[in-house]
Amino acid sequence: MNYSIIVPTCNRKEDLVKLIDSILNQTVLPAEIIIIDQSENDDTRKYLEGCKAHLLTMSNKTRLIYRHQTKKSLVVARNNGIDIASGEIVSFLDDDVVLFHNYYEIVLDYFYSDKKIGGLSGNVILENKLHNWKDKLRKILNKVFLIDNFNGKMTVSGFGHPLHGFEAENGKPRQVEMLSGCNMNYRREFLKDDKFDEWFIGYSYREDADFSYRISRKTVLEMIPEAKLYHNQSKSNRMDICVQKIMETKNYAYFFEKHVKKTILTNMVFFYSLFGLWIIYCLELLCNCNKGKYKQLKGFSLGIISLMKTKILH
């Protein structure tokens, strides 16, 4: 069983170097590594030209495919990668992850041993896991406000997030509806009629939840704790936090409209979760009063006001 890796990247050569090293150290090498580069300079292209030469001496089975994309769009980059990919398994990675050496060996073994599985995500290891009262309170509030049930499935309000870190520590695979965008692996057959929704623009948010949720309606998705990786969440090329939070509120609403049957009750539940997240951001600002937390709350507040003004949930 062979696999293709798709990596969108933008102005993150140093992060990409670490990722490529971890790919080349895999116990099972990919058929191809497809890099969709959106950078303004040539640093990434020049580095990858050197990688091509290294791959030729290391393996005659792995191709490195480079494409430059002028449009700054994560989802367009992933869709372009899908058009190129030829592997039986198509894997999507963020450019700032680092894989454990046996990540793909474990992923492929799951696909091979269970034909019912259509998509898999590994276990993102959180280096700085905190279990203080603030984190425990946030988890409680997330459940109370139906923001996240920590089971990898959509909540009744249209929220919910992929599993990460400590939620996977029981060591057992778990069937989910959402896979983490930093590492998603699908059987190619399920990508024939489904691609990433290009309504999501730029850096995007919830595009991975939308895509994986649609796939989960057709097949089994699982999060497997044994396939491990680090997500470094690079600070390079990040959006302004205020702008990001405005976008997030809009994307939450879009996901809700797309996947939840709209009634007066479901609209109320959605805004209940949205208000709960606003409460959480208020508490975070009170507990850690700094510019970043202030901009986070400001952006989210402006996003909610924008939703109300445009009556996106009419």
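The values are calculated or read from the model by the stated rules, or taken from the named source; none is laboratory data. Quantities reported herein were computed from a predicted structural model and do not represent experimental measurements. Note that we place each Cβ from the backbone using ideal geometry, even for glycine, and neighbour counts take in every protein chain shown. Quick note on the areas: whole protein, heavy atoms, side chains included, nothing else; ligands and nucleic acids left out. Shrake-Rupley method; radii C 1.70, N 1.55, O 1.52, S 1.80 Å.
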- Message: With the structure loaded, tell me whether residue 65 is in a strand (DSSP E or B) and at pLDDT 95 or above or whether it fails that test.
- Response: no
Restrict the check to region 129-139 and report whether at least one residue is polar (S, T, N, Q) and out of contact with any helix residue (DSSP H, G or I) (no Cβ under 8 Å at 6 or more places or on another chain).
yes
Residue pairs within 9 Å by beta carbon, gap of at least six or interchain, first lying in region 27-48 and over 20 Å from residue 84 (Cα atoms) and touching a residue at least 60 places away in the same chain (Cβ under 8 Å), second open to solvent by 10 Å² or more (accessible area, probe 1.4 Å) and outside any loop (DSSP other than H, G, I, E, B), listed first then second, are 27/105; 28/105; 28/108
Across (1) more than 24 Å from residue 76 (Cβ to Cβ); (2) open to solvent by 10 Å² or more (accessible area, probe 1.4 Å), residue 192 clears everything bar (1)
Self-check item: residue 256 being of a type in the set (A, V, I, L, M, F, W, C), more than 16 Å from the chain's Cα centre (by Cα) and at pLDDT 95 or above
Solution: yes
Note: among 66, 110, just one is closer than 23 Å to residue 187 by Cβ and either open to solvent by less than 80 Å² (accessible area, probe 1.4 Å) or touching a residue at least 40 places away in the same chain (Cβ under 8 Å) (or both), namely 110
| message | With the structure loaded, tell me whether residue 75 is open to solvent by less than 10 Å² (accessible area, probe 1.4 Å), out of contact with any helix residue (DSSP H, G or I) (no Cβ under 9 Å at 6 or more places or on another chain) and among the β-branched types (Val, Ile, Thr) or whether it fails that test. | response | no
(request) Output yes when any residue across region 49-60 is surrounded by fewer than 18 Cβ atoms within 10 Å (Cβ to Cβ) and in a loop (DSSP other than H, G, I, E, B), and no when none is. (result) yes
Of the conditions (1) under 20 Å from residue 92 (Cβ atoms); (2) open to solvent by less than 10 Å² (accessible area, probe 1.4 Å), the single one that residue 159 does not satisfy is (1)
Residue in region 202-213 that is touching a helix residue (DSSP H, G or I) at 6+ places or on another chain (Cβ under 6 Å), assigned to a loop (DSSP other than H, G, I, E, B) and either among the hydrophobic types (A, V, I, L, M, F, W, C) or over 30 Å from residue 11 (Cβ atoms) (or both) present: no
Over region 78-107, the set of residues assigned to a loop (DSSP other than H, G, I, E, B) and open to solvent by less than 40 Å² (accessible area, probe 1.4 Å) is 85, 87, 94, 95, 96
Exception for residue 233 within (1) over 25 Å from residue 1 (Cα atoms); (2) more than 15 Å from the chain's Cα centre (by Cα); (3) outside any helix (DSSP H, G or I) falls at (2)
Residue count, region 166-216, condition over 17 Å from residue 118 (Cβ atoms), of a type in the set (Asp, Glu) and touching a residue at least 24 places away in the same chain (Cβ under 8 Å), comes to 4
